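Student: Take this structure, written in structure tokens, and hold onto it; I'll ask about it next.
The values are calculated or read from the model by the stated rules, or taken from the named source; none is laboratory data. All figures in this text were calculated on a predicted structure; none of them were measured in a lab. Reconstructed Cβ throughout: ideal geometry from the backbone, glycine too, with neighbour counts over all protein chains shown.
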Amino acid sequence: MNPGINDGSNLRGSAVPWVFVVAVAFVLTLLGLVMLFSAAQSTFPGAYKMLGKQAVWMVVAVTGFLIACRTPLDLLRRCSWFLYGASIIGLILTLVPEIGVKVNGAQRWLGFGPARLQVSEFAKVGLVLSMAHYMALNQRETKTFLKGYLAPCLMIAAICGLVILQPDFGTSFLLGAVGAGMLFQAGSNLLYLVPTVALGTGVFSILVYLDPVRLRRVTAFLDVEANLNDGAYQLWQGILAFGAGGVSGVGLGKGRQQLSFLPEAHTDFIFAVIGEELGLVCTMGVVLLFMLIFVVVSWHARKSPRLFDFLLLQGSLLAITLQALINVGVVTGCLPTKGMSLPFISYGGSNLVVTFILVGFIVNVLNSWNRPVLSAVREQ
């Protein structure tokens, strides 16, 4: 991505993509609120409590979205190192006894009164912003070993390593994949990048093998029927949900899985509840919307006048769509079971807020192209 002269003529018409992205985000979020209420029917009146909490988080998420999409891009760049440092400090604090909050054996949260924040979610913001800023700042040296490869790899490794210690293998994999994707799109030397990705995948596989819980999930995934009462129970119930729903679904609020047969029906496996109650038509619609976001934003990212804009777009896009891909893959039995929420739809405040912030970055960049552009823009 070479800096140069841009009169803004090739950037007009960008209002359509950002309006589309915002519309899809709110449609999926509203669908999520409906499905959360349906999935929690067995805990009535807990369904209203859950819906109320998610509605409060949605207000916070929209606030974060407005801040992200209205803050000048140059100010975001100046804040990138602060946000990266805050992510590192926050991840370290989650590992400190009496500070980090442990749930189901994982120490991933910081408690603030009645609210809990999952710091690894907010680390996505710090990683995407800092990587976009760093690679744009050193764009003339992206092919070099030190500045174009080693330094950004250490930035990614620091965050991924701290997340693994929580432990949260899925989020660590997602962050590593997003970081590697941004390096590739920035033009990092493939002679360095490809072996590193292979090495990272190998190390990740060894860590999974050495962890009995994660290894059991993999073996259960490879032979579902032999592990129905163990590691594959959740996956099997999800498959049954899709089978019961068929093409048109059994009807909203009439699903069997809301009766506590499916663990984590309101979070990681909400996609299975959609499949059971609204059928194949709706599940394919959800997948299509995520695909359209990816295609539309990727297509318009080619018009980016600066490398920072391009990488901020692509990093934010990868963080959202890759997470959706992993979640759908897990719920449909294409990937081993991993606790990862479906963006916009699953219950949970941290992921919803961060997803809307990332959407705000996308809107900010796309909308900035409709503003007057200097005739000579120099990448910094």
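Student: I'd like to verify a number: residues in region 180-214 that are among the hydroxyl-bearing types (S, T, Y) and over 24 Å from the mean Cα position of the chain (by Cα), how many?
Tutor: 2
Student: I would also like to ask the following. Among the residues of region 151-161, write down those that are surrounded by fewer than 17 Cβ atoms within 10 Å (Cβ to Cβ) and either without any contact (Cβ under 8 Å) to a residue 24 or more places away in the chain or among the aromatic types (F, W, Y) (or both).
Tutor: A151, L154, A157, G161
Student: Right, another one. Can you say whether I320 is of a type outside the set (F, W, Y), outside any loop (DSSP other than H, G, I, E, B) and modelled with pLDDT of 95 or more, as far as the supplied structure shows?
Tutor: So I320 passes the test.
Student: Can you find even one residue in region 162-175 that is in contact (Cβ under 8 Å) with a residue 12 or more places away in the chain, within 18 Å of S80 (Cα to Cα) and surrounded by 19 or more Cβ atoms within 10 Å (Cβ to Cβ)?
Tutor: Yes.
Student: Moving on to the next point. Condition test on A180, is it surrounded by fewer than 17 Cβ atoms within 10 Å (Cβ to Cβ), closer than 18 Å to Y134 by Cα, touching a helix residue (DSSP H, G or I) at 6+ places or on another chain (Cβ under 9 Å) and free of Cβ contacts under 8 Å to residues at least 60 places away in the same chain?
Tutor: no
Student: Exactly one of (1) over 30 Å from F310 (Cβ atoms); (2) of a type outside the set (S, T, N, Q); (3) surrounded by fewer than 21 Cβ atoms within 10 Å (Cβ to Cβ) is unmet by K147. Its number?
Tutor: Here K147 meets the rest and fails (1).
Student: On to the next question. Under 7 Å by Cβ, and 6 or more places apart or on different chains, what pairs join a residue from region 199-217 that is closer than 17 Å to L335 by Cα and among the β-branched types (V, I, T) with one that is assigned to a helix (DSSP H, G or I) and modelled with pLDDT under 90?
Tutor: Matching pairs, first to second residue: V208/F169; V208/R214; V208/L215; V208/V218.
Student: Please tell me if G333 is in contact with a helix residue (DSSP H, G or I) (Cβ under 9 Å, 6 or more places away or on another chain), on the phi > 0 side of the Ramachandran plot and in contact (Cβ under 8 Å) with a residue 60 or more places away in the chain.
Tutor: Answer is yes for this residue.
Student: Tell me, please, whether a residue that is of a type outside the set (F, W, Y), in a helix (DSSP H, G or I), at pLDDT 90 or above and surrounded by 14 or more Cβ atoms within 10 Å (Cβ to Cβ) can be found in region 34-50.
Tutor: no
One line per residue, one yes/no per condition, for (1) of a type outside the set (A, V, I, L, M, F, W, C); (2) within 20 Å of G32 (Cα to Cα); (3) crowded, with 22+ Cβ neighbours inside 10 Å:
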position: M291; (1), (2), (3): no, yes, no
position: W299; (1), (2), (3): no, no, no
position: D309; (1), (2), (3): yes, no, yes
position: L318; (1), (2), (3): no, no, yes
position: G329; (1), (2), (3): yes, yes, no
position: M340; (1), (2), (3): no, yes, yes
position: V353; (1), (2), (3): no, yes, yes
position: N364; (1), (2), (3): yes, no, yes
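Student: Considering region 303-337 alone, what residues qualify as being more than 13 Å from the chain's Cα centre (by Cα), more than 21 Å from L76 (Cα to Cα) and not small (G, A, S)?
Tutor: V330, V331, T332, C334, L335, P336, T337
Student: Is it true that Q314 is out of contact with any Leu (no Cβ under 9 Å at 6 or more places or on another chain), in contact (Cβ under 8 Å) with a residue 24 or more places away in the chain and under 20 Å from G64 (Cα atoms)?
Tutor: Here the answer is yes, as Q314 does meet what is asked.
Student: Can I ask one more? What pairs can you find where one residue is in region 264-277 and farther than 10 Å from L240 by Cα and surrounded by fewer than 24 Cβ atoms within 10 Å (Cβ to Cβ), the other is at pLDDT below 90 and among the acidic types (D, E), and their Cβ atoms are less than 7 Å apart, with a gap of 6+ or different chains?
Tutor: none
Student: So, in region 84-95, exactly how many residues are closer than 18 Å to L358 by Cα and either touching a strand residue (DSSP E or B) at 6+ places or on another chain (Cβ under 9 Å) or buried (at least 19 other Cβ atoms within 10 Å of the Cβ) (or both)?
Tutor: Qualifying residue count for the region: 2.
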